[in-house]
Amino acid sequence: MSDLAPTDSVAPEARARAEAELMRPMRAGTAAERSGGRGRKLAVYLALVVFAVIYIYPFVVQLSTSLKTNGDAVGRPLGLVPNPVTTEAFRRLAETDFPLWFTNSVVVTVCVTVGRVFFNSLAGYALARLRFRGREAVFTAILAVLAVPGIVLLIPKFLVLNYLGIYNTYPALILPLLVDAAGVFIMKQFFETIPASVEEAARIDGAGTFRIFWSIVLPMARPAVITLTILSFQGSWNELAHFIIAADDPRLYTLTRGVASLTSGGLGSGNQFPITMAAGLLMTIPTALVFVLFQRYFTQGANAGAEKG
Amino acid sequence: MTTTQTSVGSGTGRAPRGGVPGAGRRRGAPQRQSGAGWLFVTPVLVVLGLFLVVPIVMALWVSFTDWSGRGSPFSTGVGFVGTDNYRALLAGPGLSQQDFMISLRNTFYYVIGVVPLQTVGALLLAVIVNQRFLKGRTFFRTAFYFPSVVSSVAISLVFLFLFTGTGAVNRFLGIFGIDGPTWFSDPRGLIHLVGQGLGLWSIDQPPAGLNDTVVAGLPVWQWISGPSVALSAIMLQVVWTTTGTFMLMFIAALQDLPTEVEEAALVDGANRWQRFRNVTVPHLRPTILLVVTLGVIGTWQVFDQMYVMTQGGPAKTTLTPAYLSYQAAFGQQQWGQGAAIAFILFVLIFVLTSLQRFVLRDKDEAARKRAERRQRRQQRAAGSGAAA
């Protein structure tokens with residue numbers, strides 16, 4: 001999802017818009033929209049239920065299959081209640097390198113997320129507020145970077161990592177993801193909405209530029225910082241393509257790379273659906289947690305800001 | 001950093017641009033800001049330069065060589081082959097051209113399948129979720145978006161399981177007496193299948209006319225295959241994954257639709273479909289353009305699903321340029337060719353999105369701008385007196 005190597009079919013700026021929309025309360029209905037008969041309402045609810053089933057069912061299958069025996073999973077793929085219930089798949093998974101992949105993913109994700117939030121904010125602030133020669137040129141360059149489709153950079157990035165001698169190291173996994181143009185863009189947009197008067201007061205008091213940024217402006221940009229945190233987390237946690245070209249040492253496999261290797265004979269003969277479902281489930285849980293927690297945190301933060309006026 | 005020195009002393013250097021009140025008016029602030037400004041953007045510039053600009057230049061060089069992955073691509077042992085890599089891919093003849101054309105064919109069908117489906121699907125979901133009488137809209141909005149934030153690897157594993165020969169999808173189809181295909185291992189093209197269903201041809205014995213005519217290294221029969229059953233399953237999966245994100249963009253636009261306009265249409269006696277067709281859709285035009293553009297950019301880059309689920313198979317029907325480029329470089333050590341594929345893909349995406357922006361541009365907007373320009377010209381010609 002990073003603009004350096006999107007693993008996903010959706011561009012980062014689209015994701016940012018979507019993410020922002022998700023946090024907005026929906027507008028109340030108008031007379032025109034509330035009109036309509038009972039039959040129409042029923043049809044809408046019916047369509048909604050059908051779509052909800054289509055969207056939620058795969059996750060239910062994932063959960064239930066992870067608790068099945070292999071025979072049960074293959075024999076009764078439609079059955080949603082495991083019979084018998086077993087945690088064998090999770091036990092088998094613990095015997096693989098899964099714990100190592102998980103640790104690697106956590107290390108990479110934390111580094112990338114902290115780095116992106118900090119460096120993108122710094123650059124975004126400079127581009128929004130500081131006056132320096134070449135600012136326009138820098139911003140234009142960042143916009144140009146946004147237009148480069150990430151997938152075409154796979155081979156190029158390998159070439160540089162190899163040339164620098166850091167192929168097959170943690171820095172190779174982390175450094176190229178450490179900043180992203182879309183994030184800089186998001187932060188710049190947000191900083192421009194903060195009134196300049198606040199900074200002026202601090203500047204008169206003699207505060208330095210970094211101090212003003214760090215203790216005054218950045219705290220005010222909490223909604224944007226949270227959006228960026230969520231996007232960076234998702235981006236690095238779900239990243240696959242970059243990790244494929246940055247290392248081939250199994251000790252440096254992250255979750256995506258490691259779990260993907262489970263399908264290609266990593267588990268020995270035969271399909272081991274409960275194990276792959278369990279792996280998928282475990283790698284989805286942190287995403288779901290961040291998704292829910294930060295969204296709640298954000299909503300509270302937004303309300304608190306509104307009360308202060 | 002050195003450029004900042006010139007503007008410090010005079011003070012007049014800023015004066016012509018100093019229309020903005022507030023920022024940087026006090027003495028001392030400009031040069032401090034100048035230093036801080038460059039300092040603040042340096043990390044971003046260094047990383048983007050090192051892992052984006054430099055790589056592109058290196059890869060451009062490699063795409064003109066026969067580098068095999070050993071040693072430095074700049075060493076003297078590496079042969080400069082000019083445009084050979086590009087020619088092998090585009091003009092052939094040979095396996096490289098054939099594979100590349102197959103990957104273009106696959107992705108073409110993939111794009112024209114996925115983009116309309118995900119756009120219309122997202123709009124449909126947005127309109128449904130936006131029905132204001134609904135209870136629990138926030139829940140549904142989140143449920144539809146959730147697949148977009150889950151790892152493509154985890155989702156691929158679930159779909160591999162759902163779409164196995166005896167999996168949940170085929171069992172479900174079996175309830176209605178439909179004998180489902182083996183999805184991810186089925187290389188038969190959809191258009192081939194439809195043609196066979198209509199009695200036009202037999203897949204096992206393709207019509208000689210179509211099979212013998214070769215265009216760009218591939219028989220016409222291959223070109224018109226349509227997406228294979230395996231590719232179609234991936235398309236369904238991707239539509240399922242991405243629709244939620246685009247739905248949110250449509251909801252955002254729908255929420256901004258001025259209610260007065262819609263109520264005016266209601267008063268005028270427009271029915272629901274007329275209101276949607278003549279009020280909502282024109283309002284959504286910029287969003288539709290954005291969704292389609294992002295869709296085209298995203299779909300041409302498809303890679304993860306091929307890496308996890310099919311590795312380009314069955315019978316190369318899920319091979320895409322992105323995966324082929326990875327395979328050529330990392331698999332067969334043909335780095336020049338891999339890099340060349342990446343650059344062709346880059347140009348292709350750029351041309352397609354530019355073309356699309358031009359075709360789908362807001363014609364009213366363009367006409368208005370033209371009219372404004374004409375008016376300004378006329379005003380200039382008539383002199384300042386005419387304005388009053």
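Interface size between chain B and chain A, please: total buried accessible area, 1.4 Å probe, rounded to the nearest 100 Å².
10500 Å²
Enter the per residue convex hull volume of the stretch A:184-272, computed from alpha-carbon coordinates, in Å³ rounded to the nearest integer.
Working: hull volume 12.1 nm³, N = 89.
Spread over its residues, the Cα hull of the stretch A:184-272 gives 136 Å³ apiece.
Report the percentage of all Cα-Cα pairs in the stretch A:40-178 whose separation exceeds 22 Å, rounded to a whole percent.
69 percent
Hey, got the Cα dimensions of the stretch B:285-326 along the principal axes, in Å, largest first?
40, 17, 15
Would you please state the base-10 log of I(q)/I(0) at q = 0.10, 0.15, 0.16, 0.17 1/Å for the stretch B:138-270, with intensities from the Debye formula using one equal scatterer on every alpha carbon?
Relative scattering, expressed as log10 I(q)/I(0), comes to -0.59, -0.90, -0.94, -0.98.
Roughly how many percent of the accessible protein surface of the stretch B:235-289 is carbon and sulfur, given a 1.4 Å probe and a whole-percent answer?
Working: 1440 of 2390 Å².
Carbon-and-sulfur percentage of accessible area, whole number: 60.
Of all accessible surface on the stretch B:151-231 at a 1.4 Å probe, what whole percent is carbon and sulfur?
Carbon and sulfur together cover 64 percent of it.
May I ask you to derive the relative contact order of chain B, considering only C-alpha pairs under 8 Å and at least 6 residues apart, and to give it as an integer percent?
23 percent
Could I get the Rg over Rh figure for the stretch B:74-208? Both from C-alpha atoms, Rh via Kirkwood, rounded to two places.
1.11
When chain B is treated as a GNM, springs tying every alpha-carbon pair under 10 Å, which of B:Arg376, B:Arg70, B:Arg275 comes out with the largest mean-square fluctuation?
Ranking B:Arg376, B:Arg70, B:Arg275 by mean-square fluctuation puts B:Arg376 first.
Over the stretch B:248-388, calculate the relative contact order: mean separation of alpha carbon pairs under 8 Å at least 6 apart, over the residue count, as a percent.
It comes to 17 percent, rounded to a whole number.
When the accessible area of the stretch A:42-170 is computed with all protein chains present and a 1.4 Å probe, what percentage of it is carbon and sulfur?
Ligands and nucleic acids excluded, carbon and sulfur reach 73 percent.
With no solvent and one equal point scatterer per Cα, compute the Debye intensity ratio I(q)/I(0) for the stretch A:88-163 at 0.11, 0.12, 0.18, 0.24 Å⁻¹ and report its log10, rounded to two decimals.
With one equal scatterer per Cα and no solvent, log10 I(q)/I(0) is -0.55, -0.63, -1.00, -1.12.
For the stretch B:201-311, state the semi-axes of the equivalent ellipsoid (square roots of 5 times the eigenvalues of the alpha-carbon gyration tensor), sorted largest first and rounded to whole angstrom.
Values: eigenvalues 361, 78, 30 Å².
Its equivalent ellipsoid spans semi-axes of 42, 20, 12 Å.
Which of B:Thr142, B:Thr42, B:Thr317 moves the most in a Gaussian network model of chain B with Cα springs under 10 Å?
Answer for the Gaussian network model of chain B: B:Thr42.
Once label points are set 7 Å from the Cα along Cα→Cβ at both A:Gln189 and B:Gln255, what is their separation, rounded to one decimal in nm?
1.4 nm
Would you please give the FRET efficiency between B:Leu39 and B:Gln205, computed as 1/(1 + (r/R0)^6) with r the Cβ-Cβ distance and R0 = 56 Å, to the nearest 0.05?
Efficiency, from the Cβ-Cβ distance: 0.20.
Using only Cα atoms, locate the centre of the stretch B:257-324 and the centre of the stretch A:71-116, then give the distance between them in Å, rounded to an integer.
Their Cα centres are 33 Å away from one another.
Between A:Val60 and A:Val114, what length in nm is gained on full extension when 0.36 nm per residue of separation is reduced by their alpha carbon distance?
Stretched out fully, the A:Val60 to A:Val114 stretch lengthens by 16.2 nm.
Suppose each label sits 7 Å from its Cα in the direction of the beta carbon; what would the B:Phe80-A:Ile285 distance come out to in nanometres?
5.7 nm
With viscosity set to 1.306 mPa s and temperature to 10 °C, compute the Stokes-Einstein D of chain B, Rh being the Kirkwood radius across alpha carbon pairs; µm²/s, no decimals.
61 µm²/s
Quick one: among B:Ser103, B:Ser156, B:Ser72, which has the greatest mean-square fluctuation in a GNM of chain B with alpha-carbon springs under 10 angstrom?
Judging by the Gaussian network model, the answer is B:Ser72.
Take each complete run of DSSP H in chain B, measure how far its Cα atoms stretch along the helix's own axis, and keep only those covering 27 Å or more with mean Kyte-Doolittle hydropathy at least 1.0; list them. Please report the intermediate quantities before stating the final value.
Values: long enough: B:29-48 (28 Å, 0.83); B:95-129 (49 Å, 1.22); B:229-255 (38 Å, 1.61); B:335-359 (36 Å, 1.73); B:363-382 (28 Å, -2.56).
Answer set is B:95-129, B:229-255, B:335-359.
If I model the stretch B:125-186 as equal point scatterers sitting on the Cα atoms and use the Debye formula, what is log10 I(q)/I(0) at q = 0.16, 0.23 Å⁻¹?
Values, matching the q order: -0.74, -0.86.
What is the Cα convex hull volume of the protein assembly as shown when expressed per residue in Å³?
Value for the protein assembly as shown: 230 Å³ per residue.
On average, how many beta carbons from a partner chain sit within 10 Å of the beta carbon of a residue in A:55-63?
5
Can you tell me, using C-alpha contacts under 8 Å and at least 6 residues apart, the relative contact order of the stretch B:172-228 as a whole percent?
About 37 percent, as a whole number.
Would you mind giving the mean number of other chain beta-carbons within 10 Å of the Cβ of each residue in A:127-140, as a whole number?
6
Which positions within the stretch A:73-121 get 30 Å² or more of their accessible surface covered by the other protein chains, compared to the chain by itself, with a 1.4 angstrom probe?
A:Pro77, A:Leu78, A:Phe119
Show that you can apply the helix-only estimate: for chain B, add -39,500 (n - 2.57) for every DSSP H stretch of four or more residues, divide by all residues, and state [θ] at 222 nm to the nearest 500.
Numbers: 18 runs with 236 residues, N = 388.
The helix contribution divided over chain B gives -19500 deg cm²/dmol.
When only DSSP loop residues count, what chymotrypsin sites (Phe, Trp or Tyr not before Pro) in the stretch B:116-176 have their Cβ near at most 14 other Cβ atoms within 10 Å?
When the chymotrypsin sites (Phe, Trp or Tyr not before Pro) of the stretch B:116-176 are filtered for loop state and at most 14 Cβ neighbours within 10 Å, B:Phe133, B:Phe176 remain.
Under a point spin-label approximation (7 Å from Cα along Cα-to-Cβ), what is the A:Leu78-B:Arg70 distance to one decimal in nm?
Calculated label separation equals 5.8 nm.
Please give the average number of partner chain Cβ atoms lying within 10 Å of the Cβ of each residue in A:43-54, rounded to a whole number.
4
How big is the shadow of the Cα convex hull of the stretch B:274-388, averaged over all directions, in nm²? Could the numbers behind the result be given before it?
Numbers: hull surface 52.8 nm².
If I average the Cα hull's projected area over directions, I get 13.2 nm².
Pick out, from B:Gly331, B:Thr243, B:Trp300, the residue whose Cα sits farthest towards the positive end of the charge dipole of the stretch B:193-344, with +1 on the Cβ of Lys and Arg and -1 on the Cβ of Asp and Glu.
After comparing all options, I get B:Gly331.
How much of the calculated P(r) for the stretch B:203-256 lies past 18 Å, in percent of all Cα pairs?
Above the 18 Å cut-off, the stretch B:203-256 has 58 percent of its Cα pairs.
The values are calculated or read from the model by the stated rules, or taken from the named source; none is laboratory data. Computed from a prediction, not measured in an experiment: that's the story for all the values here. Positions of Cβ are generated from backbone atoms using ideal geometry, with glycine treated the same way; all protein chains shown enter the neighbour counts. Quick note on the areas: whole protein, heavy atoms, side chains included, nothing else; ligands and nucleic acids left out. Shrake-Rupley method; radii C 1.70, N 1.55, O 1.52, S 1.80 Å.
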